[in-house]
Amino acid sequence: MKEFLQYLKDHYHYAERTLTEKEKQVLLWKKLCSGKQDFDKINTAELLKIAALQQKKYTLVTINNQLRTVEQYFEYLQITGKRKDHPLKNFRIKTPKRPLITGFLTEEELQDIEKNFREKKYKKGQFRLFGKRNQIILSLIIYQGLDTGSLRELKVKDIDLEKGKITVPEATENRLKERILSLEASQILELYKYINETRAELLEISKTVKETEKLFIIGENTKFSSITKQIRKQINIESLQLIRNSRINLWLKQYNVREVQYKAGFRYLRSLEYFDRTELENLKQEIEKYI
């Protein structure tokens, strides 16, 4: 086993943590063999039976990770001359694709997106911190209809937890005006935890950012768009702009157009022509026919 781990280290330059995980995966699959089977000589059909057995315990993503390790193990056996053929080259179990979310969303649908995203499990360490940061970003898009430009420019001082308000900075690239919006009650506690705990930890682990007034901590070599892209993929939505547009659409059903113009940050009232209610409802009905 040591020789295999050295092979992985030399050819794939894995960290020790990854090597330990891959060792566990190979040992697990060896244990799943019957008493008469020699894992090093096992055939494709027998390997697929083990994969099927694993599907009862693990997600397809986890199983495909295990299959990648098993593939590397037999690759090692081939290269070292311990086996001539490869029983599992480039084999993966296809994961079913969820349909992209399209069309304008209802309040319930927006809340479901936030709830499901909040319940996602993250690895420990920095990944957990990134997950908490991304939850805050998504909630500000869902409830305050913020755009990427405004999110990127937000500063800690823009959050007034005592008054439950957020001052949204001007977004010059999208020609949006500064405005002050109310926070949801559920957001206040989460923002308090983020500012006083998560953000502080993110600053500590950051190698490129030592001090900043920005609300969201990202490395100097990281684009904010890469974070929003990650969020978009995780919730499987066509565009985060769709969430902002959906919030504006819901505002139009609650407030007069001048109030909505202010909340959305639009400089001109004509920007709301896109959200004509009659056309919007017709579009929604057309979309629902194909869902």
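The values are calculated or read from the model by the stated rules, or taken from the named source; none is laboratory data. Everything quoted here is computed from the prediction, not taken from an experiment. Glycine gets a Cβ as well: all are built from the backbone with ideal geometry, and neighbour counts include every protein chain shown. Just the protein is used for accessible areas: all its heavy atoms, side chains included, with ligands, DNA and RNA removed. Shrake-Rupley method; radii C 1.70, N 1.55, O 1.52, S 1.80 Å.
Counting heavy atoms of the protein chains only and a 1.4 Å probe, report the per residue accessible area for the chain as a whole number of Å².
Heavy-atom accessible area per residue stands at 61 Å².
For the chain, what does the helix formula give at 222 nm: sum of -39500 (n - 2.57) over DSSP H segments with n ≥ 4, over the residue count, nearest 500 deg cm²/dmol?
-16500 deg cm²/dmol
Using alpha carbons only, how many degrees (0 to 90, rounded to 10) separate the axis of helix 16-31 from the longest principal axis of the chain?
Its long axis makes an angle of about 60 degrees.
Can you list the residues, at least 5 places off or on another chain, whose amide H is less than 5 Å from the amide H of Val168, using H built in the peptide plane?
Hits under the 5 Å cutoff: Arg179, Ile180, Leu181.
Could you pull out the pairs from Lys2/Lys132; Lys31/Lys82; Lys223/Lys263 whose alpha carbons sit more than 29 Å apart here?
Lys2/Lys132, as the Cα separations exceed 29 Å there.
When only Cα pairs under 8 Å and 6 or more residues apart are kept, what is the percent relative contact order across region 12-77?
44 percent
Given R₀ = 22 Å, FRET efficiency for Thr212-Gln126 by Cβ-Cβ distance, to 0.05?
Plugging the Cβ-Cβ distance into 1/(1 + (r/R0)^6) gives 0.80.
At 7 Å along Cα-to-Cβ for each site, give me the label-to-label distance between Lys82 and Ala45 in nm.
Spacing of the two 7 Å Cα→Cβ label points: 2.5 nm.
Return the long-range amide H neighbours of Ile237 (sequence gap of 5 or more, or a different chain), with a cut-off of under 5 Å between placed amide H atoms.
So Ile237 has HN proximity to Ile101.
How charged is the neighbourhood of Gly81? Take every other residue with its Cβ under 15 Å from the Cβ of Gly81, and add Lys/Arg as +1 and Asp/Glu as -1.
Result for the local shell: 0.
With an 8 Å Cα cut-off and a minimum separation of 6 or more residues, compute the relative contact order for the chain in percent.
With pairs under 8 Å counted, the relative contact order is 17 percent.
Once each part is reduced to its C-alpha centroid, what is the distance from region 101-163 to region 19-42 in angstrom?
Between the Cα centres of region 101-163 and region 19-42 lies a distance of 42 Å.
Quick one: if the Förster radius is 25 Å, what FRET efficiency do Asn256 and Ile180 give, using the C-beta to C-beta distance and rounding to 0.05?
0.90
Share of the chain's accessible area from carbon and sulfur, percent, 1.4 Å?
Using a 1.4 Å probe with all protein chains present, the chain comes out at 49 percent carbon and sulfur.
Please compute the length gained on full extension between Gln234 and Glu23, using 0.36 nm multiplied by the number of residues separating them and subtracting their Cα-Cα distance.
73.1 nm is the gain from fully extending Gln234 to Glu23.
What's the magnitude of the charge dipole for the chain around its Cα centre, counting Lys and Arg as +1 and Asp and Glu as -1 at the beta-carbon? Answer in Debye, nearest 20.
Computed about the Cα centre, the dipole is about 1040 debye.
Given 0.36 nm per residue, what is the gain on full extension from Asn221 to Lys157 after removing their alpha carbon distance, in nm?
The span from Asn221 to Lys157 would gain 20.6 nm if fully extended.
If I fit a long axis through the Cα atoms of helix 107-118 and take the longest principal axis of the Cα atoms of the chain, what angle between them do I get, 0 to 90°, rounded to 10?
40 degrees
Multiply the residue gap between Val61 and Asp10 by 0.36 nm, knock off their C-alpha separation, and tell me the result in nm, one decimal place.
15.8 nm
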